[in-house]
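Heads up: the structure comes next, in structure tokens.
We did not get these values from a lab; they are worked out from the coordinates using the rules stated. Because the structure is a prediction, the values reported are computed rather than measured. Quick reminder, even Gly has a Cβ in these numbers, built from the backbone with ideal geometry, and neighbours come from all protein chains shown.
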Amino acid sequence: MTTSRALDQFLASVEKRAFKMAQLGLRNDDDALDAVQDSMMKLVQSYSARPEAEWTPLFFRILTNRVRDLQRRRTVRGRIMAWLPLSDPEDDGEPFDPVAQAPSPDATPAKRLELDEAIGVLETAVAGLPPRQQQAFLLRNFEGLDVAQTASAMGCSEGSVKTHYFRALGTLREKLGEVF
């Protein structure tokens, strides 16, 4: 008998038992059908070349894992949804939309002002560094270059880059320690 035909017969023979197991674990017919179908697909895609004797334990292991995954997902979803109200009291029974209630990703004016001031202080402190330290700091932090790339860009040794960068950090920590 060909592998394809044997696999079809195997899947037909376990279909009802698998559905019953998934149904008991998930208590939902649609989810149980999905779990069985996903498990069958996984068996065919990944394990059809295995000997027929291995198909039964493999299939039921796959099904068990799929049911567990769906149970976990349902549990997590239930925990999250438990914290959300079902409707917004101000909307006359309209369904609650958690996305509409999410805070805006835009910074508040006060936060923007605070960030602008902090950036200004940082720019002033970096501008006060000696040129080589300033260059090492900017290349490493703002351009994302590693030590070797920074050395090549600055035309000096890697040891010099490390020294300039270390001194720049020390100076900036002294100047900005009070502010940040």
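Worth a mention:
- Simple spin-label estimate for residue 15 and residue 68 in nanometres, 7 Å along Cα-Cβ: 2.8 nm
- Here residue 167 and residue 112 are evaluated by their C-beta separation; at R0 = 25 Å the FRET efficiency comes out at 0.15.
- About its Cα centre, the dipole of the stretch 109-176 is roughly 160 debye, where the only charges are +1 on Lys and Arg Cβ and -1 on Asp and Glu Cβ.
- 28 Å Cα-Cα reach of residue 20 towards lysines, excluding residues that sit fewer than 8 places from it in its own chain: 42
- For the stretch 3-91: relative contact order, % (alpha-carbon pairs under 8 angstrom, 6 or more apart): 30 percent
- Linear extension gain, residue 8 paired with residue 124, 0.36 nm per residue minus alpha-carbon span: 34.4 nm
- Take the Kirkwood radius over Cα pairs of the stretch 3-91, plug it into Stokes-Einstein at 25 °C and 0.890 mPa s, and you get 169 µm²/s for translational diffusion.
- The ellipsoid equivalent to the alpha-carbon distribution of the stretch 109-176 has semi-axes of 26, 13, 8 angstrom, derived from the gyration tensor eigenvalues as √(5λ) and listed largest first.
- If only the Cβ of Lys and Arg carry +1 and only the Cβ of Asp and Glu carry -1, the dipole of the stretch 1-76 around its Cα centre is close to 300 debye.
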